[in-house]
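Working notes, beginning with the structure itself.
The values are calculated or read from the model by the stated rules, or taken from the named source; none is laboratory data. In this text, all values refer to a predicted model and were calculated from it rather than measured experimentally. So basically every Cβ, Gly included, is an ideal-geometry build from the backbone, and we count neighbours across all protein chains shown. Ligands, DNA and RNA are stripped out before the accessible areas are found, and what is left, the full protein with its side chains, is counted by its heavy atoms. Shrake-Rupley method; radii C 1.70, N 1.55, O 1.52, S 1.80 Å.
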Amino acid sequence: MPRRIKYNIGDLILIPIAGREDKLVGRILAKDEATVLIEVFTMEPIMAVSEFDYEKVKLKKRLVTEWCYDSAIKRGEWGIISNELEPLTNYGGINYWTLDANGKFYLVKGTDKVDGEYTGIEISREEVSNCNPYGIGSVTSLPIYISKLLEKRKK
């Protein structure tokens with residue numbers, strides 16, 4: 001049986017982009033049970049770790065910040081490339097949107113727990129674009145979502 005990879009808050013990881021050979025870099029912000037909060041840096045996709053420059057991306061808005069199951073990291077599918085960054089202590093700028101059965105969007109504030117903090121505040125469709133989708137991503141859904149976001153950026 002392959003050895004499980006241990007990871008820590010602050011680790012930088014390589015995340016594949018669906019349908020492509022290149023990757024993006026993300027950072028583990030928090031752990032909660034079998035999930036991790038990952039921020040994916042807005043950057044040009046890379047083929048090699050040596051192409052990543054944290055100084056160039058650290059002040060840019062993140063492409064996405066999403067809770068994901070940690071299985072891809074534990075199995076080594078999303079490789080850890082560094083652990084030089086300080087853990088995040090303030091989740092104030094991380095917001096999510098959720099949709100109710102009536103088609104209304106609501107704000108969920110990010111915390112260090114996967115559930116977040118449901119606010120009950122209704123937001124408009126336009127405001128949704130300033131938030132991350134609420135829910136838990138996976139080894140397949142996050143790379144697909146990243147691919148769609150990159151395609152949308154090209155337009």
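Largest GNM mean-square fluctuation among 15, 80, 123, using the chain with Cα springs under 10 Å: 123.
Computed from backbone phi with θ = phi - 60° and the Karplus coefficients 6.51, -1.76 and 1.60, the 3J(HN,Hα) list for the range 107-112 is 8, 10, 7, x, 9, 7 Hz; x is used for glycine and proline.
Each residue of the range 62-68 was assigned a 3J(HN,Hα) from its phi angle through the Karplus expression (A = 6.51, B = -1.76, C = 1.60, θ = phi - 60°), giving 6, 5, 7, 10, 9, 7, 9 Hz with x at Gly and Pro. Seen from residue 43, the other residues with C-beta closer than 13 Å to its C-beta sum to a net charge of +2, counting Lys and Arg as +1 and Asp and Glu as -1. Entry note, the chain: the mean residue ellipticity at 222 nm calculated from DSSP H runs of n ≥ 4, each adding -39500 (n - 2.57), is -4000 deg cm²/dmol after division by the residues and rounding to the nearest 500. Per residue, the range 26-117 exposes an accessible area of 54 Å² to a 1.4 Å probe, with every protein chain left in place. The string of couplings for the range 15-30 from the Karplus curve (6.51, -1.76, 1.60, θ = phi - 60°) is 10, x, 10, 3, x, 9, 8, 7, 9, 10, 10, x, 10, 7, 9, 7 Hz, one whole number per residue in order, with x for Gly and Pro. For the range 1-85, the spherically averaged projection of the C-alpha convex hull amounts to 5.9 nm². Relative contact order for the range 61-155: 32 percent, from Cα pairs under 8 Å spaced at least 6 residues apart, divided by residue count.
Taking the charge dipole of the chain about its Cα centre, with +1 at Lys and Arg Cβ atoms and -1 at Asp and Glu Cβ atoms, the residue from 120, 103, 10 reaching farthest to the positive side is 103.
In terms of overall dimensions, the C-alpha atoms belonging to the range 26-155 reach 47, 38, 27 Å along their principal axes, ordered largest to smallest. For the chain, the longest principal axis of the Cα atoms and the long axis of helix 141-154 meet at an angle of about 80 degrees. Solvent-accessible area of the chain (1.4 angstrom probe, protein heavy atoms only): carbon and sulfur portion equals 50 percent.
Cross-link reach is defined here as a Cα-Cα straight distance under 30 Å, omitting same-chain residues fewer than 8 places apart; for residue 58 the lysines meeting it are 6, 23, 31, 74, 109, 113, 148, 152, 154, 155.
Against the criterion of solvent-accessible heavy-atom surface with a 1.4 angstrom probe, 139, 40 sort, most first, into 139, 40.
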